[in-house]
Every structure is written in structure tokens, then in C-alpha cells.
């Protein structure tokens, strides 16, 4: 059943989240350093119990969290979303040992996660990954000590053996445009274990940031959240680091993206609503041509169009999330539609809001200047708009062939 409206309890929760974002998260975000993980902000998300909800809530509640936080504090929304994106593969596909080792820290905000899929030459075409995982016959090196471990702590156990008797694999290559890199504590990394096999030859690995041979650098991007590049120089991994099954990592990636794509749309809806609210307030009080801006039909019609598109995107996001929660067969199509419509809508709404505010919206520190920088990236990451159109068309024609 599609959720066209929310029950009072969820509406009240959304209002509470918006208040928390404005009162407790926004002040922390303002103290953070652009381009770096704001650990104080992540820790506060953990204290508020929002990070643990990433693993106990359904897709609709994830969307409501992201939309509500984005309305008042995009930095908090993004910090929460990146924790979920990086850790969901561990939650959904990890072993009991992997989950016990990493998820408590993600939930309380003491451990930062990252999702490492994109490469310099493999962004939208995720099946074209070139980071290689080569079989390693050498003895597995000891796992580096955890950060903060006592000097006299017992040495950790050596890396576990590969199922065929070898010690595991060595990862060699690069990842690029990775959110939370290079500051994350662990990465969900997708590497090619079978050459020439396309999507069927990719394996997902859980790689701690302190593995030997793993280095990273920051990228100076338009978006204010941390993004970096990773370099793998024969980084050792073993069967104990595999998420899911060897050569089936693409399924791990798509399962994660199908969940998070509608919530990217929710992030976009939250930004669009913030821009719309600011525009309503501005046009209602701004004097122009002997009256208020809102009295001009051209202005009123633009505001009406902004509201129409925002609500349409919101409903599609909620519908896609509900379909995911109910295990519907058409989740890939609905997820793609929700992300596509909502991110394109947010770009339109924020742009219109800037135009109706005039030059003041272009000043550094203005809400709309901030949103204008934030709103561009979601049309690219987790599958660009063109990729979403391709997914939609593919699913439509697949349904046609099945008839």
C-alpha cells in the first residue's frame, strides 16, 4: 500500500527532528571545518539515538529522518546518511563478528564509516570497476593494533586464511569521490576478484582504515561535506573481510543503493522545502512595485510551481520507500524514479528561490547560498540522473518482455 499521508505519530516525530536539528545539531555544524568529518556532530547524532535507528528503521523512516534533518541542518543529514551508506553493507551482509566489531561504534558515533564504490574511470558504470583483488599466497600479516590500544595489549590474531588455502587477496588500485574519505575508520570497498566478469566478478570487502598500504587524500569539492580519494597499494584482505560472498559484491552495492536512493530523494525534498519556506517568508514581506512581491502574479505562480513540484517529489519518495519496506518487486524502478524526480526538483526549487531573493541569496552564509552548493551533488552521486533514467527504462522494458 502506498503511503500518501503520514499518521500523527510520524508527523510529530518529524517536527521533533526538525527542532533537534535546529537547536542541537546546527550549532555543532557551524563549528565544523568544511571538507572534514565533523566527529562532534557525528557523536551527537549517536547521543540522540539517530544513528542506531539506521539499523532498526525501515526505508520510510530513513527518508523521514533525512528530510527532517535536511530542512534545518544539511550537514547533520549528510553525516547521518554517510554513516548509513558505509555501514549498511555490514549490517545487511556482514558476519556476526563483523557486525559486533563495527556497528556499535557506528551507532554511538565513535566510528565513522564510508562506502567506497566510485573510481577515477568507473563512476556511473559501477560494473566497470578496476580496483583489483589479486590472490595472495603469502602469509597474512598481523592486523594493526586498534587506535588507542595499550602498548602492552596482546597481539591481534593473524589474518584468516582464504578458503582455498591462500592467505587472501591484495587490493591494488584507486577509489575516488569517496564521502568521508580519508577520515573514515573503515570502508566498504568493492574490488574486482574475477577479471572480465563484469558485475559478476566484484567482491565487497570491509577494510579498516589502518590496513597497511591504504592511504588517502582530500578533494576540494563544491559540496561542503568531506570527500576524498583512496589509494590501495597491495592492501591485505582475507575471507574474514568479505561482505556477503566472493564475486557477488555487486549485489551488496545494489541492495544498498536501492535502499538509499529514495532517501537521497528525501534529502533533496528537505532542501527544497527549506528553500520554499524561505521564499514564502521573503516574498510575503518584501516591498516591490507598490505592494509585496507575493502580489505579483508572476511571483505567485512561481511559488505555486515550487510547492507543486516539492510535494510531488515528496509523495514519490514516500511511495518508493514504502515499496521497499513491503518488499515490492519494482523497488529498483521506484527507487530510481524517486531519486531522479526529487533531486531534479530540488535543483529547480532552490534555483527559483535564489532568483526570487535576488542578490542577497548569493552572499556567503545565506541559507540559499548554502543550499545552492549542496543541491547540485545529489544529481550526480549514487547514480547520476542519466543513470536513473536508464534504470527506469530497463525495468519498464523488462516488464514488457515478461508479459
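Some observations on this one:
- Residue match in segment 292-309 (condition: touching a residue at least 60 places away in the same chain (Cβ under 8 Å), within 27 Å of residue 391 (Cβ to Cβ), surrounded by 20 or more Cβ atoms within 10 Å (Cβ to Cβ) and touching a helix residue (DSSP H, G or I) at 6+ places or on another chain (Cβ under 9 Å)): no
- Residue within segment 105-114 that is surrounded by 23 or more Cβ atoms within 10 Å (Cβ to Cβ), more than 17 Å from residue 268 (Cα to Cα), within 12 Å of the chain's Cα centre (by Cα) and modelled with pLDDT of 95 or more present: yes
- Residue 335 being within 19 Å of residue 74 (Cβ to Cβ), crowded, with 20+ Cβ neighbours inside 10 Å and in contact (Cβ under 8 Å) with a residue 40 or more places away in the chain: no
- Qualifying residue in segment 325-333 (condition: over 20 Å from residue 267 (Cα atoms), in contact with a helix residue (DSSP H, G or I) (Cβ under 8 Å, 6 or more places away or on another chain) and either part of a loop (DSSP other than H, G, I, E, B) or at pLDDT below 95 (or both)): yes
- Of all residues in segment 217-239, those being more than 17 Å from the chain's Cα centre (by Cα) and surrounded by 21 or more Cβ atoms within 10 Å (Cβ to Cβ) number 5.
- Criterion applied to 349, 303, 299, 387 was being in the same structural domain as residue 255 (by TED's automatic domain parsing) and touching a strand residue (DSSP E or B) at 6+ places or on another chain (Cβ under 9 Å), and the one residue passing it is 299.
- Considering only residues in segment 240-273 that are more than 22 Å from residue 127 (Cα to Cα) and surrounded by fewer than 24 Cβ atoms within 10 Å (Cβ to Cβ), the one that is nearest to the chain's Cα centre (by Cα) turns out to be 273.
- Some residue of segment 56-76 being part of a loop (DSSP other than H, G, I, E, B), at pLDDT 95 or above and either over 16 Å from the mean Cα position of the chain (by Cα) or not assigned by TED's automatic domain parsing to the domain that holds residue 313 (or both): yes
- So residue 350, is it closer than 30 Å to residue 122 by Cβ, more than 20 Å from the chain's Cα centre (by Cα), buried (at least 18 other Cβ atoms within 10 Å of the Cβ) and modelled with pLDDT of 90 or more: yes
- Checking residue 206 against (1) out of contact with any helix residue (DSSP H, G or I) (no Cβ under 6 Å at 6 or more places or on another chain); (2) on the phi < 0 side of the Ramachandran plot, the condition it does not meet: (1)
The values are calculated or read from the model by the stated rules, or taken from the named source; none is laboratory data. In this text, all values refer to a predicted model and were calculated from it rather than measured experimentally. Cβ sites come from the backbone with ideal geometry, for glycine too, and all protein chains shown count toward neighbours.
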